[in-house]
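Please read the structure below before turning to the comments.
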Amino acid sequence: MPYYRSVGEVPRKRHTQFRQPDGSLYAEELMGQEGFSSDSSLLYHRYAPTAIVAAEEFTPATVNRVPNLPLKPRHLRTHKLDGGPADPVLGRRYLLANDDVRIAYVVADRPSPLFRDATGDHCLYVESGSLRVESTFGVLDAAAGDYVVIPTSTIHRLVPTGDEPARLLAVEAAGHVGPPKRYLSVRGQFLEHAPYCERDVRGPDAPLLVDGEEVEVLVRHRRGWTRYVYAHHPFDVVGWDGHLYPWAFSIHDFEPITGRIHQPPPVHQTFQGPNFVICSFVPRKVDYHPDAIPVPYNHHNVDSDEMLFYTGGNYEARRGSGIEQGSISLHPSGFTHGPQPGAAERSLGVDFFDELAVMVDTFRPLDLCDAAAECEDPGYAWTWARRP
């Protein structure tokens, strides 16, 4: 994250003696990105974070990918994937993927195992329900509408809370996810034109101390998965400080940028990742030129696949196409897409859109995963040819 936090107990000077009540040294752990050349945090453990007593290969469920062939727009109904009990990590149903990002959906009703993804950051969006993110940095609570960014290699556990399961869209990057650089000063402060700022961002505010010995942690790494057994519970951090930690931000705190005529998707950008962006479409006043057409014009992003997750309200440009709560549309590069027939005419004179959606635009084609075939609406591609 672009600003500094200090949580719990830390010594006045880093890399100096910091002793426990029994006189032994706390164990430092520097967690940093890009080989000591980017954001980092310094954590202080009761026990050595390197102490493992066992390791074995772990084989998760296979995720198959096939190209989007024949090339056409797709509509996925994620609520058709409702099934049996699932945890928020191993229960994810993968829908779309390329070498930069994996996109999954899960309806979770039980805690995940302790998990560390050493391949990239995760950006979770909570469609409904609530979730507690427990990690070596502390606790972060998330509710409907929250994004949660979990940095690479953070040991964490996701715990659904409340009376209903947590519905999550998981965007798993092959790299780091953060605010767009154009929103930040050279020193990392949010600039005045940014649609959200430090006041909107939440991070852990107290250590989470858990006792335990010989604790299992699942690790996804670049060669596969490994199940480790740590000598002591990794949630033994008494304090930490730095710029790298899990953080949350509510889509409802995103301040939309509007104009007299229709604004292009970059005004909705919320995060950037390796070869992809994440955008938020929120309720907003729309185009106020007297001759404005509030819905999008037909467009063909020649370098991008566009995935849109519909998570609330009414999406005017897609009325009549079968789009519903939890729908995902995929409009690939190579296909010109735009509003449904009649949408432009219906939008004339409209001054407010009550819509909520999360968009992921990728700069490499998205493949279809197994769960996409289970929930696809096969008639979506032909809806533009229908009369309004």
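The values are calculated or read from the model by the stated rules, or taken from the named source; none is laboratory data. Note that the structure is a prediction, hence the values are computed from the model and not measured. For neighbour counting, all protein chains shown are included, and Cβ atoms are generated from backbone atoms with ideal geometry for every residue, glycine included. Please note that ligands, DNA and RNA were not included when accessible areas were found on the heavy atoms of the full protein model with its side chains. Shrake-Rupley method; radii C 1.70, N 1.55, O 1.52, S 1.80 Å.
Just a few scattered comments:
- For the stretch 364-388, the set of residues classified as crowded, with 17+ Cβ neighbours inside 10 Å and assigned to a loop (DSSP other than H, G, I, E, B) consists of Leu366, Asp377, listed by residue number.
- Filtered residues of the stretch 236-274 (kept if buried (at least 20 other Cβ atoms within 10 Å of the Cβ) and either at pLDDT below 95 or in contact with a Ser or Thr (Cβ under 7 Å, 6 or more places away or on another chain) (or both)): Val237, Trp240, Gly242, Leu244, Tyr245, Pro246, Ile251, Phe254, His268, Thr270
- Among residues of the stretch 224-237 that are at negative phi and among the hydrophobic types (A, V, I, L, M, F, W, C), those with a beta-carbon under 6 Å from a residue that is surrounded by fewer than 17 Cβ atoms within 10 Å (Cβ to Cβ) and not in a loop (DSSP other than H, G, I, E, B) at least six positions away or on a different chain give the pairs Val229/Val53; Val229/Ala54; Val229/Glu214; Val229/Glu216; Ala231/Val53.
- The residues of the stretch 340-357 that are in a loop (DSSP other than H, G, I, E, B) and within 20 Å of Pro290 (Cα to Cα), listed by number, are Gly342, Leu348, Gly349, Val350, Asp351.
- Qualifying positions in the stretch 1-28 - more than 13 Å from Tyr44 (Cβ to Cβ), touching a residue at least 40 places away in the same chain (Cβ under 8 Å) and part of a loop (DSSP other than H, G, I, E, B): Met1, Pro2, Tyr3, Tyr4
- Qualifying residue in the stretch 197-211 (condition: part of a helix (DSSP H, G or I) and modelled with pLDDT under 95): no
- Among the residues of the stretch 110-135, those that are in a strand (DSSP E or B) and either among the β-branched types (Val, Ile, Thr) or open to solvent by 10 Å² or more (accessible area, probe 1.4 Å) (or both) comprise Arg116, Val126, Glu127, Ser128, Ser130, Arg132, Val133, Glu134.
- Single residue of Val277, Val215 found to be open to solvent by 10 Å² or more (accessible area, probe 1.4 Å) and either assigned to a loop (DSSP other than H, G, I, E, B) or assigned by the TED database to the domain that holds Thr136 (or both): Val215
- Ala166 within 18 Å of the chain's Cα centre (by Cα), open to solvent by 40 Å² or more (accessible area, probe 1.4 Å) and more than 22 Å from Phe276 (Cβ to Cβ): no
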